[in-house]
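Below is one structure, written out as structure tokens, with a few remarks after it.
Each reported figure results from applying straightforward, stated rules to the coordinates on display, with no laboratory input. Bear in mind that the values here come from a model prediction, so they are computed numbers and not experimental data. Cβ placement follows ideal geometry from the backbone for every residue including glycine, while neighbour counts extend to all protein chains displayed.
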Amino acid sequence: MAILGRPVSLNRDSIAQASINYYWSYGMFNISYNEIIKHTKIAKGSFYKLFKDEDDLQAETLKIYFDKTSKKHFKDLDVFKDIFEMLKFYLANYNINQYCYFYVSYAESYKLGNKSKLTIKNLEKKYKKKIHNLLIRHIDLHELNIKNINVKELVSFLFDSFLLINLFKRNKLRQQTINYEKFLFKSIKKILSQ
């Protein structure tokens, strides 16, 4: 008996996972939807049955990246009570040339479609909530006066700093990455010591 239909491996998850590698390597806007289709070696018709358009594919890659990579990072964030321990861990355990697909996509989100923008907005809220919770744990641990600290602004500063570090890494700006990481430590120490 002949097996009909497309192979089991041909599903949204497997195609999106393969696409992440291309987007990550070349950038979401440096590789076309047709190039992705060509790289995956899937017939265009089959591809369009899985993803109605490029925005659908990009949103799915962001969701999969979050599920497979960012959730682990979030668990790492939950372990820490001190912001400086987290920063030291993050900077020591992530290769100088390794950058986050989410942050790089976030930086170019103005070019994305509505579905991808919504996915990024939801992921941004989750990241900022984790950073906020870590800051509150840090403040409680060190019994800091929260009246002197604008937690919301500090969360945004940290989020934006992680974004900038990832852009430096993506563009292979090693010295700028190192300099900014030092600046980040000094800035946070100054803000939290007020």
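Observations on the model:
- Complete set of residues in segment 107-131 that are within 13 Å of E54 (Cβ to Cβ), among the polar types (S, T, N, Q) and crowded, with 19+ Cβ neighbours inside 10 Å: S116
- Residues that are farther than 16 Å from L112 by Cβ, of a type in the set (D, E, K, R) and in contact with a Lys or Arg (Cβ under 9 Å, 6 or more places away or on another chain), drawn from segment 45-71: K49
- Given (1) within 22 Å of K71 (Cβ to Cβ); (2) under 16 Å from the mean Cα position of the chain (by Cα), index of the condition Y110 fails: (1)
- Those residues of segment 131-143 which are in contact with a helix residue (DSSP H, G or I) (Cβ under 6 Å, 6 or more places away or on another chain) and among the aliphatic types (A, V, I, L, M), in sequence order: I131, L134, L135, I139
- Output for segment 154-194, where each listed residue is touching a His at 6+ places or on another chain (Cβ under 7 Å) and of a type in the set (K, R): none
- Test for S105: is it within 20 Å of T61 (Cβ to Cβ), free of Cβ contacts under 8 Å to residues at least 12 places away in the same chain and among the hydroxyl-bearing types (S, T, Y): no
- Subset of segment 13-39 [polar (S, T, N, Q) and in contact with a Phe, Trp or Tyr (Cβ under 7 Å, 6 or more places away or on another chain)]: none
- Among residues of segment 114-142 that are more than 12 Å from L158 (Cβ to Cβ), those with a Cβ under 6 angstrom from a residue that is among the aliphatic types (A, V, I, L, M) and assigned to a helix (DSSP H, G or I), sequence gap 6+ or separate chain, pair up as K115/A59; S116/A59; T119/A59; T119/L62; I139/I146.
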